[in-house]
Amino acid sequence: MSVNVEISLQGSEEFNQAIARFDSAMRNQVHTQLSNWADSVKQQAERIVPVRTGYLRSSIYAKSQDWQLQVGAEASYAAAVEFGTRFMLAKPFLAPAVEMQLPQLEG
């Protein structure tokens, strides 16, 4: 089972009003900055993910579409590593990566 962190900016009324006032060049610039942030989260997750064979690290992705960002890992055991199981302690890598990169998004 893969694991995915999704951040949607569509729900914020203030955000929608601000974006509506921007011209297309400014909207593109904001979208580029958000995509860069998602890539930073991906890179951070790749640095901190536990590595045995490297497959989990290679399955980490970042996607941005419209005003929605997704960062996750497609390896079938990614959720077990992130959240743990009754047989294995969690070794989170996505949630900490998002937390480490939040100051960039807020700034």
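Since every read-out is calculated from the coordinates, none of them should be taken as a lab result. Because the structure is a prediction, the values reported are computed rather than measured. Using ideal geometry, Cβ is built from the backbone for each residue, glycine included, and neighbour counts are taken over all protein chains shown.
Would you check if GLN68 is of a type in the set (S, T, N, Q) and out of contact with any helix residue (DSSP H, G or I) (no Cβ under 7 Å at 6 or more places or on another chain)?
For GLN68, the condition - of a type in the set (S, T, N, Q) and out of contact with any helix residue (DSSP H, G or I) (no Cβ under 7 Å at 6 or more places or on another chain) - is met.
Scan the stretch 45-61 residue by residue and report those that are more than 19 Å from LEU89 (Cα to Cα) and in contact with a Pro (Cβ under 8 Å, 6 or more places away or on another chain).
none
Within the stretch 72-107, restricting attention to residues that are in contact (Cβ under 8 Å) with a residue 24 or more places away in the chain, touching an Asp or Glu at 6+ places or on another chain (Cβ under 8 Å) and of a type outside the set (Gly, Ala, Ser), which residue is surrounded by the most Cβ atoms within 10 Å (Cβ to Cβ)?
Looking at residues that are in contact (Cβ under 8 Å) with a residue 24 or more places away in the chain, touching an Asp or Glu at 6+ places or on another chain (Cβ under 8 Å) and of a type outside the set (Gly, Ala, Ser), I get LEU94.
Out of all the residues in the stretch 71-97, which are assigned to a loop (DSSP other than H, G, I, E, B) and in contact with a Pro (Cβ under 9 Å, 6 or more places away or on another chain)?
GLY84, LYS91, PHE93
Going by the structure shown, is ILE19 touching a Phe, Trp or Tyr at 6+ places or on another chain (Cβ under 9 Å) and more than 11 Å from ALA97 (Cβ to Cβ)?
yes
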